[in-house]
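I have placed the structure first, in the form of structure tokens, so that the comments after it can refer back to it.
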Amino acid sequence: MKNYSDLYRDALLKDVIPFWERNSIDKQAGGYFTCLDRFGNVYDTDKFIWLQGRQAWTFSMLYNKVERNQFWLDIAKHGIDFLKTYGKDKNGNFYFSLTREGKPLIQPYNIFSDCFASMAFAQYGLAANDEESTELAVETFQNILSRKSNPKGKYTKAFPETRPLKNFSLPMILSNLCLELEPLLSPELVEQTIDACIHEVMEVFLDKESNLIYENLLSDGSFSDSFEGRLINPGHGIEAMWFIMDIAHRRNDSELMDKAIQVVVSLLEFGWDEEHGGIFYFLDVKGKPPMNLEWDQKLWWVHLETLVALAKAYRFTQDQKIFNLFEKVHNYSWDHFSDPEAGEWFGYLNRRGEVLLPLKGGKWKGCFHVPRAMYQVWKSFDTF
């Protein structure tokens, strides 16, 4: 296990983090550039709140959990200051994107920008002992909870009541966000939120017959035989399962742990491309043509979150079958996504595993999934 622990640690500290340190800091306008080409050159200067928050969280987390490195804390502050100054509207809702200078481009049309801002403020506040940031983290979390029944608010495109769907993303992310903010929240709110997330994730969105997780259900929790209702995103479900594993470990709940691991295996087996290798992005649960035209692409975050889930599952079970699955996904991922020539990882492959876009960052890919996964896998194997 030491070989894997060393590999992921070195990839994090000697490759991935230096790539973002060198290329992403906007020293003139503040915040981070995330639209980076293969070699780290900036090709667009717009700033996406998800990615500003995620990168500030990443460097704060490294400072808290790896090394009290002042350079990392300074980089985190660079993003935190930008978020505090430009990130939210007068109602405290975080925009989706801004210009380089911080002028709003896209309205706060859902609450995922808020989720990643809250994560960032919490981790940075704890790192820097910054009370303003920890207060902002809690305020933003409370705002998220107040909006969770209607995440998009006035920006929703769905016609009311015709096919009222609820989405898996929010209970999934809250199960992790709540643990991130646990030191700042009351024990009652933490347990209440965790209980609600476990119920939604493991009892509502998880189909007990197939052991697969639906992305969308009708508002009463029933199946919708539609494009949206049949949609399975294997990587999304697998990522959620390592959040649930963390909760199970925290609560010493072996039944919940076993159930989460079983779901990881089921989703991986369902989502694996037997012809070309790798994990499909989207699939239709009934085998019909998926609505998403990018359904057969292979994405970086899907494979990285699967590596985290399998590393954690092996740590908790030491089951050889789980380790074999880890090696299978590990070999595919390092063979196809890793870029030893220019550093960091490619984000988007076609079905055959060929690089579709040579970028290292963009509108959705930033300094988050790769470093977080490297850290999590490193620490999972470091326990042996």
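Where a number appears in this text, it was derived from the coordinates with a stated rule and is not lab data. Remember, predicted model here, so these are calculated numbers, not experimental data. When we count neighbours, we look across all protein chains shown, and the Cβ atoms used for this are built from the backbone with ideal geometry, even at glycine.
Can you tell me, using C-alpha contacts under 8 Å and at least 6 residues apart, the relative contact order of the range 16-151 as a whole percent? Before the final figure, lay out each step's value.
Details: 233 pairs, mean separation 31.0, N = 136.
Worked out over the range 16-151, it gives 23 percent.
Note down the relative contact order for the range 314-384 as a percent, whole number, built from C-alpha pairs under 8 angstrom at least six residues apart. Kindly include the intermediate steps, with their values, before the conclusion.
Values: 44 pairs, mean separation 16.1, N = 71.
Relative contact order of the range 314-384: 23 percent.
Amide H to amide H, which residues 5 or more places from ASP44 or on other chains are under 5 Å from it, using H placed in the peptide plane?
The list, which skips near neighbours in sequence, is CYS35.
Between the range 193-207 and the range 53-103, what is the separation of their alpha carbon centroids in Å?
A separation of 30 Å, based on Cα centres.
Tell me which aspartates and glutamates have Cα within less than 13 Å of LYS27's Cα, excluding those fewer than 8 residues away on the same chain?
Result set, ordered by chain and number: ASP74, ASP81, GLU101.
What aspartates and glutamates could a cross-link reach from LYS298, if we take a straight Cα to Cα line under 14 Å and drop same-chain neighbours fewer than 8 places away?
Leaving aside aspartates and glutamates fewer than 8 places away in the same chain, those within reach of LYS298 are ASP273, GLU274, GLU275, ASP335, GLU354.
Tell me, what ³J(HN,Hα) does each residue in the range 233-248 have, in order and in whole Hz, if you take phi through Karplus 6.51 cos²θ - 1.76 cosθ + 1.60 with θ = phi - 60° and put x for Gly and Pro?
Calculated HN-Hα couplings, in order: 10, x, x, 5, x, 5, 4, 4, 5, 6, 5, 5, 4, 4, 5, 4 Hz.
Exceeding 27 Å between C-alpha atoms, which entries from my cross-link table qualify? They are LYS103/LYS154; LYS166/LYS312; LYS77/LYS152.
LYS166/LYS312; LYS77/LYS152
Post the alpha-carbon centroid distance, the range 259-311 to the range 12-27, in whole angstrom.
The range 259-311 and the range 12-27 have Cα centres spaced 29 Å from each other.
Given H placed 1.01 Å from N in the peptide plane, which residues other than close sequence neighbours of LEU357 have an amide H under 5 Å from its amide H?
TYR348
Could you give me the ³J(HN,Hα) list for the range 73-86, computed from phi with Karplus coefficients 6.51, -1.76, 1.60 and θ = phi - 60°, whole Hz, x at Gly and Pro?
Here the 3J(HN,Hα) series is 5, 5, 5, 4, 4, 4, x, 4, 4, 5, 5, 5, 7, 10 Hz.
Provide the gained length on full extension for the span PHE159 to LEU218, in nm with one decimal, where the gain is 0.36 nm per separating residue minus the Cα-Cα distance.
Taking 0.36 nm per residue and subtracting the Cα distance, the gain is 19.9 nm.
Please arrange TYR4, TYR155 by counting, for each residue, the other beta carbons lying within 10 Å of its beta carbon, fewest first.
TYR155, TYR4
In whole percent, what relative contact order does the range 2-381 give with Cα contacts below 8 Å and a gap of six or more residues?
18
So what are the ³J(HN,Hα) numbers for the range 23-39, from phi and the Karplus equation (6.51, -1.76, 1.60; θ = phi - 60°), rounded to whole Hz, Gly and Pro as x?
10, 9, 7, 8, 6, 8, 9, x, x, 10, 7, 10, 7, 10, 7, 4, 9
Non-local amide H neighbours of ASN167 (under 5 Å, H modeled in plane, Pro and chain starts lacking H): which ones?
Sorted by chain and number, the residues that satisfy this come to none at all.
Summing +1 for each Lys or Arg and -1 for each Asp or Glu, what net charge is found among the other residues whose Cβ lies under 14 Å from the Cβ of LEU217?
Net of charged neighbours comes to -3.
Give, as a single signed number, the net charge of other residues whose beta carbon lies under 12 Å from the beta carbon of ARG251, with Lys and Arg counted +1 and Asp and Glu -1.
With Lys, Arg at +1 and Asp, Glu at -1, the net is -4.
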